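The values are calculated or read from the model by the stated rules, or taken from the named source; none is laboratory data. Note that this is a predicted model, so its numbers are computed, not measured. Ideal geometry is used to build each Cβ from the backbone, glycine not excepted, and the neighbour counts take in all protein chains shown.
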Amino acid sequence: MTFLDELRAELGDAVSTDAAVLGSLTADKSGHDSRSTPLALVTARSIDDVQSTLRLASRFGVAVVPRGAGTGLAGGAIASAGEVVLSTLSMNRILEVSVADELAVVQPGILNGDLNAALASHGLWFTPDPASRAISTVGGNIATNAGGLLCAKYGVTRESVLALKVVLADGRLLSLGHRSVKGVTGLDLTALMIGSEGTLGVIVEATVRLRPLPTAPVATIGAWFGDVVTAAAACAAITASGIRPAALELMDAAALRAIDAHLGVHLSERGNTFLILQTDGAGSAAEAADALEIIRRGGGDAELTSDPAEGEELFAIRRAFHPALEAQGTVLIEDVAVPRSALPQIFAEIAVIGERFGISIPTVAHAGDGNLHPNFVYEPAADGSVPEVIWAAAGELFAAAIRLGGTLTGEHGVGLLKRAWLRDELGDDQFELQQQVKAVFDPQGLMNPGKVY
């Protein structure tokens, strides 16, 4: 029997070879497309399904691409010819909520937003908040160590994961981590799996840490600056003061111009840069007042509100950023991070790179943790690929971030799109050591091949 014959014999209608279905698995939200149809899709409904798929794939030497909702921005879940896509999207149940222990046990396919909707009645929430939270899975959040607007205060996904169940390339099931808050037995393989992008195994269950929902009113500040470097300096001053905003977002002049054109408004007439800051918790009002003073002292024209509706109006400006760029053309959303004190320097570098290549690079930053998303709007080449000038500019951006003590990806992951620059950041010794670790978990090289390493 062939691999597909045995797969169908074990999993029945969980296996699909429908051309239309397979064609949808060659791309993700990154805009990259392998243009090479995979062999099959397995829609796993249980841990047993995942184990069966990986056991057979290991025996036949077939590569496996784990996939959730396909919302990734680095090409990490894109499939090619001869590969099997293993979807965990149908494994979407909440298995347990423990209010006493402030944790939940979930399957990987549950959407981040759906999990939080269910937790609200318990007065709890799962804090990772990627922009895709309404459509991205918790398993995908873990696989990429996703961040978001609130991670400056509440941390990225790794801070919210206590334990995992992972199926290895040969079908073995590992139970990693603990339900307890503390646990230092042996090497921390749970942490190793977080952000591994499906290259070491398939996450099939997660025990996640929850927090009480904030009960105090939030305070929101909207501020306008004459230039982005001055605004970035104000952000660095805020975080250096010890204030920990729940959200601190910064948008440059190119971003505001794009929003103006898209919405028919005139935001850029008030200032070249927009900063939005939100505080929450018991000290919200005092923190906001201190931040407001720093912003005004730093040259910002700012307004503060404790009205939720007015706060949402300010955040609507931030949420309009990506739709505004998508209205202009194809968008490559990049993702670098630097120490918060280096925000002014990286914004200056982005301006220089844009001038050198003659392109506009609208940028939004999670300024509270130094994570920036420079965006490149372009016309695809004749074959649909990203033009070389865009990659050349992106390469200089990555080099600048690393030179300033940062990283070429803060939350999107490496996937296919950033493989060429990985060694530049890690260095030869660490790069080779990471490849060796990969080989321990996946000696045949069948897990998400071509991604990261």
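Scanning the range 8-21 for residues that are buried (at least 19 other Cβ atoms within 10 Å of the Cβ) and either touching a residue at least 60 places away in the same chain (Cβ under 8 Å) or within 28 Å of the chain's Cα centre (by Cα) (or both) returns no hits. Being in a helix (DSSP H, G or I) and of a type in the set (A, V, I, L, M, F, W, C) is the filter here, so list the residues in the range 5-19 that pass it. The answer is LEU7, ALA9, LEU11, ALA14, ALA19. GLU411 falls short on exactly one of the conditions (1) among the acidic types (Asp, Glu); (2) under 22 Å from the mean Cα position of the chain (by Cα); (3) more than 29 Å from THR26 (Cβ to Cβ), and that condition is (3). Scanning the range 22-39 turns up no residue that is among the hydroxyl-bearing types (Ser, Thr, Tyr), in a helix (DSSP H, G or I) and under 18 Å from PRO449 (Cβ atoms).
Listed by first and then second residue, the pairs linking a residue in the range 330-343 that is within 8 Å of ALA236 (Cα to Cα) to a residue that is of a type in the set (Ser, Thr, Tyr), with Cβ atoms under 7 Å apart and 6 or more places separating them unless they lie on different chains, are ARG340/THR239. Of all the criteria given as (1) surrounded by fewer than 20 Cβ atoms within 10 Å (Cβ to Cβ); (2) within 30 Å of ASP170 (Cβ to Cβ); (3) not aliphatic (A, V, I, L, M), the one not satisfied by ASP227 is (2). Considering the conditions (1) farther than 28 Å from GLU326 by Cα; (2) in contact with a strand residue (DSSP E or B) (Cβ under 8 Å, 6 or more places away or on another chain), VAL21 is excluded by exactly one of them, (1). Restricting attention to the range 180-210, the residues that are surrounded by 15 or more Cβ atoms within 10 Å (Cβ to Cβ) and not in a helix (DSSP H, G or I) total 17.
Given the criterion modelled with pLDDT of 95 or more and touching a Lys or Arg at 6+ places or on another chain (Cβ under 8 Å), identify the matching residue among LEU86, LEU7, LEU73. Steps first, please.
Numbers: LEU7 fails: touching a Lys or Arg at 6+ places or on another chain (Cβ under 8 Å); LEU73 fails: modelled with pLDDT of 95 or more.
Just a single option satisfies the conditions, and that option is LEU86.
Considered as a group, the residues in the range 297-316 that are at pLDDT below 95 and of a type in the set (A, V, I, L, M) include one that is farthest from THR230 (Cα to Cα), and that residue is ALA309. Within the range 83-135, the set of residues being within 24 Å of ASP49 (Cα to Cα) and small (Gly, Ala, Ser) comprises SER87, SER90, ALA104, GLY109. Taking helices (runs of 4 or more DSSP H) as the structural unit, those lying wholly within the range 257-369 and holding at least 2 residues that are closer than 30 Å to TRP421 by Cα correspond to 308-319, 321-326, 343-357. GLU293 meets the conditions (1) touching a residue at least 12 places away in the same chain (Cβ under 8 Å); (2) under 18 Å from ALA219 (Cβ atoms) in every case but one. The failed one is (1). Among the residues of this structure, HIS262 does not count as one that is assigned by TED's automatic domain parsing to the domain that holds ARG319, surrounded by fewer than 23 Cβ atoms within 10 Å (Cβ to Cβ) and without any contact (Cβ under 8 Å) to a residue 40 or more places away in the chain. Of all the listed residues (THR305, THR363), the sole one being in contact with a His (Cβ under 7 Å, 6 or more places away or on another chain) and either over 29 Å from ILE243 (Cα atoms) or hydroxyl-bearing (Ser, Thr, Tyr) (or both) is THR363.
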